[in-house]
1. Give the residues of the stretch 423-440 that are outside any helix (DSSP H, G or I) and either within 16 Å of the ligand (Cβ to nearest atom) or crowded, with 18+ Cβ neighbours inside 10 Å (or both), sorted by residue number.
2. Can you name every one of the helices (runs of 4 or more DSSP H) wholly within the stretch 77-174 that holds 3 or more residues which are within 13 Å of the ligand (Cβ to nearest atom) and at negative phi?
3. Taking residue 321 as the residue in question, decide whether it is farther than 30 Å from residue 89 by Cβ, buried (at least 21 other Cβ atoms within 10 Å of the Cβ) and either without any contact (Cβ under 8 Å) to a residue 24 or more places away in the chain or under 20 Å from the mean Cα position of the chain (by Cα) (or both).
4. Only one residue in 214, 181 is within 16 Å of the ligand (Cβ to nearest atom), without any contact (Cβ under 8 Å) to a residue 40 or more places away in the chain and closer than 12 Å to residue 123 by Cβ, so which one is that?
5. Condition check: in a helix (DSSP H, G or I) and farther than 30 Å from residue 407 by Cα. Does residue 198 satisfy that?
6. Determine, yes or no, whether residue 230 is under 24 Å from residue 127 (Cβ atoms) and either surrounded by fewer than 22 Cβ atoms within 10 Å (Cβ to Cβ) or away from the ligand (no atom under 16 Å from the Cβ) (or both).
7. Go through the stretch 1-25 and count every residue that is under 23 Å from residue 365 (Cα atoms) and touching a residue at least 12 places away in the same chain (Cβ under 8 Å).
Ligand code: PLI
């Protein structure tokens, strides 16, 4: 992956934010106070914050300059039109509905397209996406290829939809009972794994025959495009910008959490060429988010997204972004730490089931590693396993997904490779002393999206 010559960031640092360095005793106290849930730590007690790449990007001087040009009119502010133009040019969709963040867009989209009892097949669930599908009366059905559920399977496009599974499901359920296909780029829960352009074309071909819509979760589409450029024949000479436009041409619309690819701290949107979907969405956005020209955001936020959209398709930026993720992942692989392979676009995912094979699933191995990592070095990671998966709606039992992962998520343009070294050394140290990691039991469990607020104690 990495070439012989060093590829450095195509930007330099203009402003810094100090980080607090703490002692092990201090962190032991803090993780206890946080109920052994890294979501509940105060960020001031975190040294390197790899909880998420969502809303944690460093904005450019150009974006900050745009912040000063916010038009805070209630209706028809100029920044909305700048955002609309950026999305039309870069994503290729005509209609734009802003929302306060990705889940706001998912809420509006789900209510716009799903009828009670309908199905939404997709390439692996995402927490908020599935929640909004179910709240709107729909049922999510996983049609991702089997390799996506196997951490060590080195398929180049583990985010692909399994065309046979999708066909079989359409045959079984009937096309009229399918609301749309939810097709995610750089599939988060699978480890940031891309789909191929070939797969996108096949899904389009299959669904067109039935008149079934395809809605991308294009939250990390740019990172998906990078892997297409590197791994798929015919794309190595194309720019990320060109690849993104082609990718979007196979969908009827998308939802985006702008907090990832778009290099901003808040925001989201629906974009589509479907006039009816647009009409429904703007009727709902005014109920739940705000007027259709601001969608719950300040004008300045819309401007930052518009400018971030042009920056996110800079080939050199994307190259350095993903190389940093690989830098961390390859260091861990070299020391034998089990991680999801291939390494994904936004994060390195530790495979907790191979890291702690002796620990029962009921003791939440990924949650336990995340807590131990924080205590070791002040690095904050996130559980993506049974705690995130929640309970089965019918039986009430814990769902134990095949993937029990700890995500080391790399914010965009924020940390240096020395920070990656600190992280790698801590993970390697933990792995060497893994028998010392204690399991956890859940002592408080919220009814929905429990991973955000659940509390634990060591068993
Ligand atoms: O956090 P939001 O509401 O802006 O976006 C929700 C959301 C939708 N789709 C995908 C693929 C996501 O990854 C996503 C949010 N992800 C978070 C917060 C993360 O830490 O991965």
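1. The answer is 437, 439, 440.
2. Those helices (runs of 4 or more DSSP H) span 102-113, 127-135.
3. no
4. 214
5. No; evaluated as a whole, the condition is false for this residue.
6. Values: under 24 Å from residue 127 (Cβ atoms): no; either surrounded by fewer than 22 Cβ atoms within 10 Å (Cβ to Cβ) or away from the ligand (no atom under 16 Å from the Cβ) (or both): yes.
Judged against the criteria, residue 230 is not a match.
7. 1
Condition check ((1) over 25 Å from residue 215 (Cα atoms); (2) crowded, with 22+ Cβ neighbours inside 10 Å; (3) touching a residue at least 24 places away in the same chain (Cβ under 8 Å); (4) away from the ligand (no atom under 16 Å from the Cβ)) across all residues:
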| residue | (1), (2), (3), (4) |
| --- | --- |
| 268 | no, yes, yes, no |
| 275 | no, no, yes, yes |
| 280 | no, no, yes, yes |
| 286 | no, no, no, yes |
| 292 | no, no, yes, yes |
| 308 | no, yes, yes, no |
| 335 | yes, no, yes, yes |
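Values in this text are rule-based calculations from the coordinates and carry no lab data. Just so you know, these numbers come straight off a predicted model, no measurement behind them. Positions of Cβ are backbone-derived with ideal geometry, glycine not excepted, and every protein chain shown enters the neighbour counts.
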